[in-house]
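Student: Okay, handing you the structure first.
The values are calculated or read from the model by the stated rules, or taken from the named source; none is laboratory data. What you see is a predicted model, and the numbers here were worked out from it, not measured in a lab. Here the Cβ positions follow ideal geometry from the backbone for every residue, glycine too, while neighbour counts run over all protein chains shown.
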Amino acid sequence: IVVAYGLMIPEAVLNIPRLGAINVHASLLPRWRGAAPIQRAIEAGDTETGVGLMRMELGLDTGPVLLEVRCPIVPKETAEDLEFKLCSLGQSLLIQGLNRLQEGIPWEIRPQSEKGVTYAHKITGKDTWVNWELPAQQLERQIRAFQGLRTYFQGVVLKIHQADALLPNQREGEAGQVCAIYSDCWDVQTGSGVLRLYQVQLAGGKILSSREFLRGRTLLVGMAFGLS
């Protein structure tokens, strides 16, 4: 039984178990095969995901699905929240599968379709930096998927932990520029729409609400983020 194992297993090892090798995978296969299915599902804006028991073979998460359970991805859910939920579902599903094996109940095997295949590529450092040219809605999803995004503020790394995306309207400056400041948040122009920041963290510091951050820092409309 394999859970969240990041390496390919040789065929000689897969052939050892008499009842086959089983992987617990946190997606609705064939969508999001690979290393980071939870994060990529949130980043893509999926509204549903799940957990499956899959019989392992040489391909990357290509084996037939033996059991599966679905669950919604609710608005504002982070990767950490979703992982906790899927872990609980995965535990129950694995116990159910082991009970089937013990009782000799045959699997309802579902071969994976070659339609709808997507790959959940491993998260890299590049993924965790803000590209202000992207739409605000995509950046908001990335913040939830990657446990925050980093940018530069006055030459210092600033990590954004919580934000909302506002629908596009009249553009108010260049991407990365502060376009409005309030008592408890501020808005930054993106490639499409505005990202409203609520929780941030300077390098080496603690996580602050935007209200706390604004008490100790001078922030003006027109200031640019993302400049090292």
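Student: Out of Gly155, Gly193, I need the residue that is farther than 13 Å from Met223 by Cβ and not assigned by TED's automatic domain parsing to the domain that holds Ala79. Which one?
Tutor: Matching residue, one of Gly155, Gly193: Gly193.
Conditions tested, residue by residue: (1) within 25 Å of Thr190 (Cα to Cα); (2) aliphatic (A, V, I, L, M); (3) outside the structural domain of Ala26 (by TED's automatic domain parsing).
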residue: Leu60; (1), (2), (3): no, yes, no
residue: Pro64; (1), (2), (3): no, no, no
residue: Leu67; (1), (2), (3): no, yes, no
residue: Thr78; (1), (2), (3): yes, no, no
residue: Gln96; (1), (2), (3): no, no, no
residue: Gln102; (1), (2), (3): no, no, no
residue: Ile109; (1), (2), (3): no, yes, no
residue: Trp129; (1), (2), (3): yes, no, yes
residue: Ile143; (1), (2), (3): yes, yes, yes
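Student: Let me ask you something else. Between residues in the range 73-100 that are surrounded by 13 or more Cβ atoms within 10 Å (Cβ to Cβ) and residues that are part of a helix (DSSP H, G or I) and among the small types (Gly, Ala, Ser), which pairs lie under 6 Å by C-beta distance while being six or more apart or on different chains?
Tutor: Qualifying pairs under 6 Å: Ala79/Ala145.
Student: Report, ordered by the first and then the second residue, all pairs with beta carbons closer than 7 Å, sequence separation of six or more or different chains, a first member in the range 28-50 that is outside the structural domain of Gln137 (by TED's automatic domain parsing), and a second member that is modelled with pLDDT under 95 and among the hydrophobic types (A, V, I, L, M, F, W, C).
Tutor: Cβ pairs passing all conditions: Arg33/Leu60; Gly34/Leu60.
Student: Still on this model: Cβ-Cβ distance below 7 Å, separation of 6 or more or different chains: which pairs start in the range 202-228 with a residue that is at pLDDT 95 or above and end on one that is loosely packed, with under 10 Cβ neighbours inside 10 Å?
Tutor: As it stands, the answer is Arg211/Ser183, since those pairs meet every condition given.
Student: Does the range 91-111 contain any residue that is in contact with an Asp or Glu (Cβ under 9 Å, 6 or more places away or on another chain) and over 30 Å from Leu158 (Cα atoms)?
Tutor: yes
Student: Collect the residues in the range 135-174 that are out of contact with any helix residue (DSSP H, G or I) (no Cβ under 8 Å at 6 or more places or on another chain) and among the small types (Gly, Ala, Ser), keeping them in residue-number order.
Tutor: Within the range 135-174, Ala136, Gly155, Gly173 meet the criteria.
Student: State whether one or more residues within the range 127-142 are surrounded by 13 or more Cβ atoms within 10 Å (Cβ to Cβ), in a strand (DSSP E or B) and in contact (Cβ under 8 Å) with a residue 24 or more places away in the chain.
Tutor: Yes: one or more hits.
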